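Please read the structure below before turning to the comments.
The values are calculated or read from the model by the stated rules, or taken from the named source; none is laboratory data. A quick note: this is a predicted structure, and the numbers were derived from the prediction, not measured. Cβ coordinates were reconstructed from backbone atoms using ideal geometry, including for glycine residues, and neighbour counts include every protein chain displayed.
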Amino acid sequence: MKIDNLAVQVVGDPTGRQVLENISFEISSGETLCVVGESGSGKSVTSLAIMGLLPAGSLKPSRGRILVDGEDILAASPARLRELRATRMAMIFQEPMTALNPVETVGEQIDEVLRIHSKLSKTARRQKVLAMLESVHMPDVERIYNSYPHQLSGGQRQRVVISIALILEPRILIADEPTTALDVTTQKQILLLIRELQKKHNTAVLFITHDFGVVAEIADRIVVMNRGHLVEVGTREDILARPREAYTRMLVSSVPSLIPQKREAPVTDIVLEVQSLSKNYSRKRLFGSGGSVAAAQNVNLTLRKGEIVGIVGESGSGKSTVARCIVRLQDPTSGAVLVKGEDIARVSGPQLRPKRQRVQIVFQDPYRSLNPRMRVGDSIIEGLVNFGTKREAALKKARELLGLVGLSDDSMQRYPHQFSGGQRQRICIARALALDPDILVADEAVSALDVSVQAQVLKLLGEIRDRTGIAVLFITHDLRVAAQICDTILVMQHGSIVEAGPAAEVLTSPRREYTRTLIDAAPGRGWDFQNFGPLISGAA
Amino acid sequence: MLAYITRRLLATIPVMAMVAVVVFAILRLTPGDPAAIIAGDDATTEQLEKIRQTMGLDKPIPLQLVQWVYQLLQGDLGVSLLSGAPVLGMIADRMGPSLALAFGTIVVTVSVAIPLGIVAAWKQGRMLDRAVMTFSVLGFSVPTFVVAYLLIYYLSIKMGWFPVQGYKPLSDGFWPFAQRLVLPVLALSGVYVALIARITRSSIIEVMGEDFIRTARAKGATERVVLMRHALRNAAVPILTIIGIGIASLISGVVVTESVFNLPGLGRLVVEAVLARDYPVIQGLILLFSFFYIFINLVVDVLYPIFDPRIRY
Amino acid sequence: MPAIVNQPHADGNVQMLGDPSLIVHATPAAGFTSQLISSLRSPPVFVALLILSVVIVVALAAPLLGTIDPVAIDPGSRLRGLSPEHWLGTDAFGRDTYSRVVYGARVSLIVGAGATLMSITLGLLIGVLAGYFRAADAIIMRVMDGIMAIPSILLAIALVSLTGGSLLTVLVAITIPEVPRVVRLVRSVILSVRTEPYVEAAISLGTRVPTLLVRHMVPNTVAPLIVQGTYVFAAAILTEATLSFLGAGLPPEIPSWGNMMSEGRMYFQLLPGLILYPGIILAATLLSVNVLGDVLRDLLDPKMARKS
């Protein structure tokens, strides 16, 4: 397949603004080409253009050709395009949750491809679908055939989507962030599966991702995109070890290393001590209680002044529950949360309010963390004013804090929508610091950010810790991020802490099987991005 | 499935109880002597006394509530103040025309509205869509009784196609029966056709933006298949919901339509009872209609899982 | 509503990708005025606005528009057709139909505005209570379910028949059935905004409950309430007309469109205008309110606009 000088523009935009410009690259059979870029780089638009699936009425190709086996997709009639889909080129999507029709069984959905493109009999189609489900390593394929998407796990759903895409053995598979919504262990299995099927059918794979770990793991060649432009194309070694463009260099070096720096364990005062914290959710039933689910069980942890403790784990491990119980956005079922020796797990209402000053939180989604109707300045001083600081003094402090997080004074008068995601996260940090808390809880605080912005915010958090001596509880699913910033790491699984220790120890010589699985599943762990070379140390 | 229906049935009990209490409270919480309110200004002492006795208003309120609920549980809605006949029997006698009107309206509405909605969604933004949407806004803006009089004016008085008013039961023959129902059904259907067509259209359009529609297109499916197979089935739940709401709210329309066309159904009975201040009859009708509303909701709830496997029994 | 089985939500592991600007999180209506102006250019919207303005002006300036006393009985000129003295003829009591239609606009607008204000105010208060305070929620919502189960016209009829028809009782009777709908709307907004990170951030900053509600939560109900308000306005006008038409509304001497139609029923074959003039004006008023409601909804609430 070859893309030649492709441009895409917004329909009906008189300025003729181009979403994509001068995109040209090739991909050959059996090859994996990774397209990487940050949000807004145009990588997803490129993939939709190849499928002829650009949203009609908002985006349209304005120039160039997309040749699949010598046939120009952009010039094909709608009927021809439908013929080519699933037979010549196929696609898998980011969200396996929403990519499948919720009211049809997965068997019917895979079968539909055969119904559209073949004249096979009903039984032959069924045999073929079951064989396909086998080849994506589904257990009990008869049962899966008759299951609805909501009855499957995320990984299984993605296998169904892959079955739909590959059942007719297309020449090219476009994978748009297919593993981003999955946990690392599932991600690893899906990546292996794609590779296996690719080998079997000699398929060309166009893999779109933001994750350099995945890129290092699977790419033969790499396309780097930024703001609708193509920055650089090259082999994996070219891009990861010898990037020519400054942008690529910046991007690659922003990827945190899996190997933590050696840091002295702090021997300062304990500011937070969590003792056998548990949180149960009761299932609601009409009659009686339907039992309860333990989101967190018997969690113990200590946090010292100036220390950054990370809680890592996959989705559903209970790490956010622990964080929310500590901030008292949820009420723990049992256990104690001692902030400087004072238990805040049991107090509530007016007694709790003054205690809230000691623990502050920064959330994942910067776009929902600030009240869109309030000026940034007012958001930052809200806590101070709540606890009786005069407005003037509070505003003065807010300006200092903005300086601390690297934003200018005039930000005070502006509204959140005038800021980028990274800037908003800085504002949230400033707001959390306004009350001079002893503890800052960061709940996936950098997970929604692009890798370059992520690096900046992590750096900022480190600096703030050094300057103020604040203790940070850092919740993340990303081992790289944890390695970058944490002194101590706790690994959670099914609501319990399975391993705890200094970051270097946990990540380089894990004692528990589960920790090892997690580390093994981390993509691209053999590559040291910051030093543009393979990881040489005897670690991992 | 059976357990689900039982659970749903049980869940209606508090709502029904609440309705019974609200209906009970409306009369008792109105400022002033309830008997005097019902009897009107120029009532004699004997009349007041009779009302108090018939309705049990001479007893303390908690006792009245107990008695009210006890009677309800036995299916006893009390007796009319005017005629002394049991309310339940009066209601049964007047069921026919209302059922005929409601049934006709539901059939017309559903068979017209859903295709209209689908076509509008299919041709979104084009002339046909605009026409349907314009009709839809008109449909639920023009009050039923205005539509009814316009229909009478043009089709009955000017053209002479239909009788102006009146009702003939089915036992008098199908044609006289149907002829007198056409205009009432047309008049009443307007609002619901508009409502259901609109929701059908918007539900389909919303589903058309979902990720799995893109998956279907990526499979090479034609737009017709995408719309009819993937979008429509997923839009079924909101469409079902609005049909349920429509049927449940038919009652208000029935009252008005029966008044305009002089159909001797439950709607007329309501108005007659109100004008005569026959409170036990009003009370009984409100209860009946509310239970009907709850019943329709129950039916819709039971139907949901058939259209969406994510909703479990 | 049945319980839709939700997938256990990833506890924050889902990374947000793609163009963040595609994710709308209640950004303040940027360019709202310009959007408003551009939507006014569409002919139906313009006509709707024109009709509604005329109705409002007519209602305000009723005495200046060549009207005579709308309740003055003139037995000498009963049931007349159109004439220079009586532009739209007279009714069975010899009252001037034109004047009654004009004054009827006043009644309709007062009922519409009054019921809207009352139901929004009550619904907002009760909805916030139900949405924020869990203990209150169960009780409030059961009562609301009970009221909603009673067909609104019947509830209104029962209330009016007991309390006797007057402007105030009709207003109350129209308002009560509308309140549960507003409560549900407000409650759902409050419930969904409760878990927004910026609300949780405010909680952990020690913001007191009243401030939390007023500053961070209630503003989110304004846009949907404005939209809902236009529909309540139309519904109230319609309900008053229906009640009066059935003879269970305003006292017959008040010149409301519903009363006029009710009184015209006996003479419909003779003088259809007695019903059709007020009927058509009523329909036009409702139509324009609904059209403007749709416009407001499209502008204020992109999410709801897609839905209905």
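Values as computed for the structure displayed
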{"item": "The one condition in (1) at pLDDT below 90; (2) within 12 Å of chain C (Cβ to nearest Cβ) that B:Gly246 fails to fulfil", "result": "(2)"}
{"item": "Qualifying residue in the range A:418-428 (condition: under 24 Å from A:Leu352 (Cα atoms), touching a residue at least 60 places away in the same chain (Cβ under 8 Å) and facing chain C (nearest Cβ under 9 Å))", "result": "yes"}
{"item": "Count - residues of the range B:134-177 that are under 24 Å from the mean Cα position of the chain (by Cα), at the interface with chain C (Cβ under 9 Å from one of its Cβ atoms) and in a helix (DSSP H, G or I)", "result": "11"}
{"item": "Residues located in the range C:61-114, provided they are assigned to a loop (DSSP other than H, G, I, E, B), within 31 Å of the chain's Cα centre (by Cα) and closer than 16 Å to C:Pro252 by Cα", "result": "C:Asp69, C:Pro70, C:Val71, C:Asp91, C:Arg95"}
{"item": "Counted residues, the range A:122-178 - those being among the basic types (Lys, Arg) and within 30 Å of A:Ser39 (Cβ to Cβ)", "result": "3"}
{"item": "Selection count, the range A:480-532, where residues are surrounded by fewer than 19 Cβ atoms within 10 Å (Cβ to Cβ), free of Cβ contacts under 8 Å to residues at least 40 places away in the same chain and under 17 Å from A:Glu307 (Cα atoms)", "result": "2"}
{"item": "Which numbered condition A:Arg358 fails, given (1) under 17 Å from C:Gly206 (Cα atoms); (2) of a type in the set (Lys, Arg); (3) buried (at least 18 other Cβ atoms within 10 Å of the Cβ)", "result": "(3)"}
{"item": "Condition check for C:Ala201: within 14 Å of chain A (Cβ to nearest Cβ) and buried (at least 21 other Cβ atoms within 10 Å of the Cβ)", "result": "yes"}
{"item": "Some residue of the range A:77-100 being among the polar types (S, T, N, Q), surrounded by 24 or more Cβ atoms within 10 Å (Cβ to Cβ) and at negative phi", "result": "yes"}
{"item": "Wholly within the range A:92-145, helices (runs of 4 or more DSSP H) carrying at least 2 residues that are more than 14 Å from chain B (Cβ to nearest Cβ)", "result": "A:122-135, A:141-145"}
{"item": "Candidate set from the range C:224-266 (those that are part of a helix (DSSP H, G or I) and of a type in the set (S, T, N, Q)); member that is nearest to the other protein chains (Cβ to nearest Cβ)", "result": "C:Thr242"}
{"item": "Number of positions in the range C:171-209 that are of a type outside the set (A, V, I, L, M, F, W, C) and under 28 Å from the mean Cα position of the chain (by Cα)", "result": "10"}
{"item": "Test result for C:Pro44, within 11 Å of another protein chain (Cβ to nearest Cβ), modelled with pLDDT of 75 or more, more than 30 Å from C:Tyr198 (Cα to Cα) and outside any loop (DSSP other than H, G, I, E, B)", "result": "yes"}
{"item": "Long-range neighbours under 6 Å by Cβ, at least six apart or interchain, first residue in contact (Cβ under 8 Å) with a residue 40 or more places away in the chain within the range C:222-250, second aromatic (Phe, Trp, Tyr) and assigned to a helix (DSSP H, G or I)", "result": "C:Ala241/C:Trp257"}
{"item": "Elements of type helices (runs of 4 or more DSSP H) contained in the range B:21-86, each with 1 or more residues being over 28 Å from C:Val172 (Cα atoms)", "result": "B:45-55, B:61-73"}
{"item": "Given (1) in contact with a Gly (Cβ under 9 Å, 6 or more places away or on another chain); (2) within 14 Å of chain C (Cβ to nearest Cβ); (3) in contact (Cβ under 8 Å) with a residue 40 or more places away in the chain, number of the condition B:Val255 does not satisfy", "result": "(3)"}
{"item": "Whichever residue in the range A:210-245 is among the acidic types (Asp, Glu) and within 19 Å of the chain's Cα centre (by Cα) and, among such residues, is nearest to A:Ser29 (Cα to Cα)", "result": "A:Glu217"}
{"item": "Out of A:Leu166, A:Leu206, A:Leu192, A:Leu197, sole residue that is within 26 Å of A:Gln127 (Cβ to Cβ) and within 14 Å of another protein chain (Cβ to nearest Cβ)", "result": "A:Leu166"}
{"item": "Residue in the range B:176-186 that is surrounded by fewer than 20 Cβ atoms within 10 Å (Cβ to Cβ) and under 30 Å from A:Ser163 (Cα atoms) present", "result": "no"}
{"item": "Hey, B:Ile91 over 30 Å from B:Gln165 (Cα atoms), at pLDDT 75 or above and away from chain C (no Cβ under 11 Å) or not", "result": "no"}
{"item": "Every residue from the range C:93-103 that is in contact with a helix residue (DSSP H, G or I) (Cβ under 6 Å, 6 or more places away or on another chain) and either surrounded by fewer than 20 Cβ atoms within 10 Å (Cβ to Cβ) or not aliphatic (A, V, I, L, M) (or both)", "result": "C:Gly94, C:Arg100, C:Tyr103"}
{"item": "Enumeration of residues in the range A:330-352 that are crowded, with 17+ Cβ neighbours inside 10 Å, within 14 Å of chain C (Cβ to nearest Cβ) and farther than 30 Å from A:Lys262 by Cα", "result": "A:Gln330, A:Ile344"}
{"item": "Residue in the range C:65-88 that is surrounded by fewer than 18 Cβ atoms within 10 Å (Cβ to Cβ), closer than 26 Å to C:Glu240 by Cα and among the polar types (S, T, N, Q) present", "result": "no"}
{"item": "Residues that are crowded, with 24+ Cβ neighbours inside 10 Å and of a type outside the set (Val, Ile, Thr), drawn from the range C:104-127", "result": "C:Gly104, C:Ala105, C:Ser108, C:Gly112, C:Ala115, C:Ser119, C:Gly123, C:Gly127"}
{"item": "Members of the range A:335-392 found to be of a type in the set (Lys, Arg), part of a loop (DSSP other than H, G, I, E, B) and over 21 Å from A:Ile270 (Cβ atoms), listed by number", "result": "A:Arg368, A:Arg373, A:Arg375, A:Lys390"}
{"item": "In the range C:271-287, residue surrounded by the fewest Cβ atoms within 10 Å (Cβ to Cβ) [restricted to those that are more than 8 Å from chain B (Cβ to nearest Cβ) and out of contact with any Phe, Trp or Tyr (no Cβ under 8 Å at 6 or more places or on another chain)]", "result": "C:Ala284"}
